[in-house]
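Worksheet: one structure, shown below.
Coordinate-derived values only; no laboratory data. Note that the coordinates shown come from a computational prediction; the quantities given were computed from them, not determined experimentally. Backbone-built Cβ (ideal geometry, glycine too); neighbour counts: all protein chains shown.
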Amino acid sequence: MTVGLAQIDDLLRSHQVKPGMTGLAQVNGRSDLTHYEKVKYDLRYVANHPITQDLKILLKTVGLVISKKGAR
């Protein structure tokens, strides 16, 4: 796969996201996503960072842990 300049720019911007316990990519596909799809989720998180989004991620994480759907 060829990587374009836009993808490199997206990857660099995604590094603005501080690591945490979970994130949009982890609750929306995790290992079923490509690396670039995960970067896109990080960018969406940076662009739209209301506290309600953090609460949704937290609730989805709890649901996935209880259901064991995210475990591999």
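Before moving on, here are some points about what is shown:
- Counted charge near Q53, where neighbours are those whose Cβ lies closer than 14 Å (Asp, Glu -1; Lys, Arg +1): +1
- Rounded to the nearest 10 degrees, the angle from helix 5-14 to the longest Cα principal axis of the chain is 40 degrees.
- Label-point gap, in nm, between K56 and R13 - each point 7 angstrom along Cα→Cβ: 1.9
- Mean ellipticity per residue at 222 nm, deg cm²/dmol - from DSSP H runs of n ≥ 4 across the chain, formula -39500 (n - 2.57): -18500 deg cm²/dmol
- Dipole magnitude for the chain: computed about the Cα centre from +1 point charges on Lys and Arg Cβ and -1 point charges on Asp and Glu Cβ, it is near 320 debye.
- Rounded to 10°, Cα long-axis angle of helix 35-47 versus longest principal axis of the chain: 80
- Ranking N28, L12, A47 by how far each Cα lies toward the positive end of the dipole of the chain (charges on Cβ) leaves N28 at the top.
- Percent of Cα pairs exceeding the 14 Å cut-off, where the set is the chain: 62
- Förster-model FRET efficiency, 22 Å R0, L5 and L33, C-beta, rounded to 0.05: 0.50
- Angle of helix 51-67 to the longest C-alpha principal axis of the chain, folded into 0 to 90 degrees and rounded to 10: 60°.
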